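K.L.:
Below is one structure. I have some questions about it.
The values are calculated or read from the model by the stated rules, or taken from the named source; none is laboratory data. Note that the structure is predicted; figures quoted are calculated from it, not measured. Positions of Cβ are generated from backbone atoms using ideal geometry, with glycine treated the same way; all protein chains shown enter the neighbour counts. Ligands, DNA and RNA are stripped out before the accessible areas are found, and what is left, the full protein with its side chains, is counted by its heavy atoms. Shrake-Rupley method; radii C 1.70, N 1.55, O 1.52, S 1.80 Å.
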Amino acid sequence: MKQKRVVAIHDISCFGRCSLTVALPIISAAGIEVSVIPTAVLSTHTGGITGFTYRDLTEDILPVVRHWQSLNLTFDAIYTGFLGSFKQLDIIMEVFAALKTPDNLILVDPVMADNGKLYSVFPPDFPKGMKKLCAAADIIVPNMTEAALLVGDAYREGPYDKAYIEDLLGRLVDIGPQRIVLTGVYFDETELGAAVYDRGNITYPMSRKIPGFYHGTGDVFGSALLAGLMEGLTLDSATDAAIELTVGSIERTWQAGTDVRFGVNFEAGLGDFAARLRQRKNA
Ligand code: PXL
């Protein structure tokens, strides 16, 4: 079997376990080759930490891709996350045009907001730009806040009901992608998971709901999801595997009492994650 190769386009937050410092180990652990295009380099992520350094790498993205084109490099998936500037939204559209093939997968995590709020580093019109990027994706992975911003709704707190979630999914489908994994979905205080829309079919993989907000979990989830898809799992099964890794990581971090801004302990779950992907693949 030919080894799969993906390109992950996110920032490097030097401390704090999110974006590329999470995507690289998780996707690699599943046996998949990962190339990267860093969108920015920060001393830490921006969630609840002030005073971070920020080096914007907008001007480097297309030259990297042009060089790769000269080498005839191809990728089985293009996975985007946190983008370093508004201008990068248009640049990533050019990256898609350059690297899209009839067979590869574009997964866009529209990283821009959480807990009802747009991240402070983004201008108010950022969601409009992100919507265009989502329109070019095969799969999008918004959380509930990002989904509301993408469809132009006010954010609603949970618990949710299926009517609301399915209306939201319908409006996200209208943007373009035929596969959607909506995260942070819960119908009561015991379980939390995702709503998976796969070309008309909706499922709700769920797991234990752990109190508190842990930083970087969206990137753990998105990276694990992509790894599962590259291993040939269905969207529903890949989501389930991704939830398992994410929830296990949150539980370990909660038990250890780690500062929630420092990211979650996904590292201790990587061995099991890789083994479970293989089991699911062979099931
Ligand atoms: O996990 C999302 C993320 C990625 N990168 C940076 C961030 C955040 C969320 O706050 O600040 C720099």
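K.L.:
Let me confirm something: among Leu169, Leu229, which residue is surrounded by fewer than 24 Cβ atoms within 10 Å (Cβ to Cβ), assigned to a helix (DSSP H, G or I) and in contact with a Leu (Cβ under 8 Å, 6 or more places away or on another chain)?
P.N.:
Just one listed residue meets the conditions, Leu169.
K.L.:
Taking region 13-61 as the region of interest, how many residues are open to solvent by 30 Å² or more (accessible area, probe 1.4 Å), under 16 Å from the mean Cα position of the chain (by Cα) and on the phi > 0 side of the Ramachandran plot?
P.N.:
Result for region 13-61: 1.
K.L.:
Of the residues Gly212, Gly232, Gly222, which is within 14 Å of the chain's Cα centre (by Cα) and in contact (Cβ under 8 Å) with a residue 40 or more places away in the chain?
P.N.:
Going through Gly212, Gly232, Gly222 in turn, just one is within 14 Å of the chain's Cα centre (by Cα) and in contact (Cβ under 8 Å) with a residue 40 or more places away in the chain: Gly222.
K.L.:
Could you tell me which of the residues Gly271, Gly222, Gly218 is open to solvent by 20 Å² or more (accessible area, probe 1.4 Å), within 15 Å of the ligand (Cβ to nearest atom) and either under 28 Å from Ala137 (Cα atoms) or part of a helix (DSSP H, G or I) (or both)?
P.N.:
Residue meeting the stated conditions: Gly218.
K.L.:
For residues that are surrounded by fewer than 18 Cβ atoms within 10 Å (Cβ to Cβ) and at pLDDT 95 or above, scanning just region 1-12, find the one that is farthest from Leu277 (Cα to Cα).
P.N.:
Selected residue: Arg5.
K.L.:
Which residue out of Ile9, Ile49, Ile78, Ile26 is more than 14 Å from the ligand (Cβ to nearest atom), of a type outside the set (Asp, Glu) and touching a helix residue (DSSP H, G or I) at 6+ places or on another chain (Cβ under 8 Å)?
P.N.:
Ile78
K.L.:
Separate question: Counting just the residues of region 188-209 that are among the polar types (S, T, N, Q) and either closer than 20 Å to Ile140 by Cα or in contact (Cβ under 8 Å) with a residue 24 or more places away in the chain (or both), which one comes out farthest from the ligand (Cβ to nearest atom)?
P.N.:
Taking the candidates together, the pick is Asn201.
K.L.:
Looking only at region 123-166, how many residues end up being farther than 20 Å from Asp188 by Cβ and in contact (Cβ under 8 Å) with a residue 60 or more places away in the chain?
P.N.:
2
K.L.:
Report, by residue number, each residue of region 87-142 that is open to solvent by 20 Å² or more (accessible area, probe 1.4 Å) and of a type in the set (Asp, Glu).
P.N.:
Asp90, Glu94, Asp103, Asp114, Asp125, Asp138
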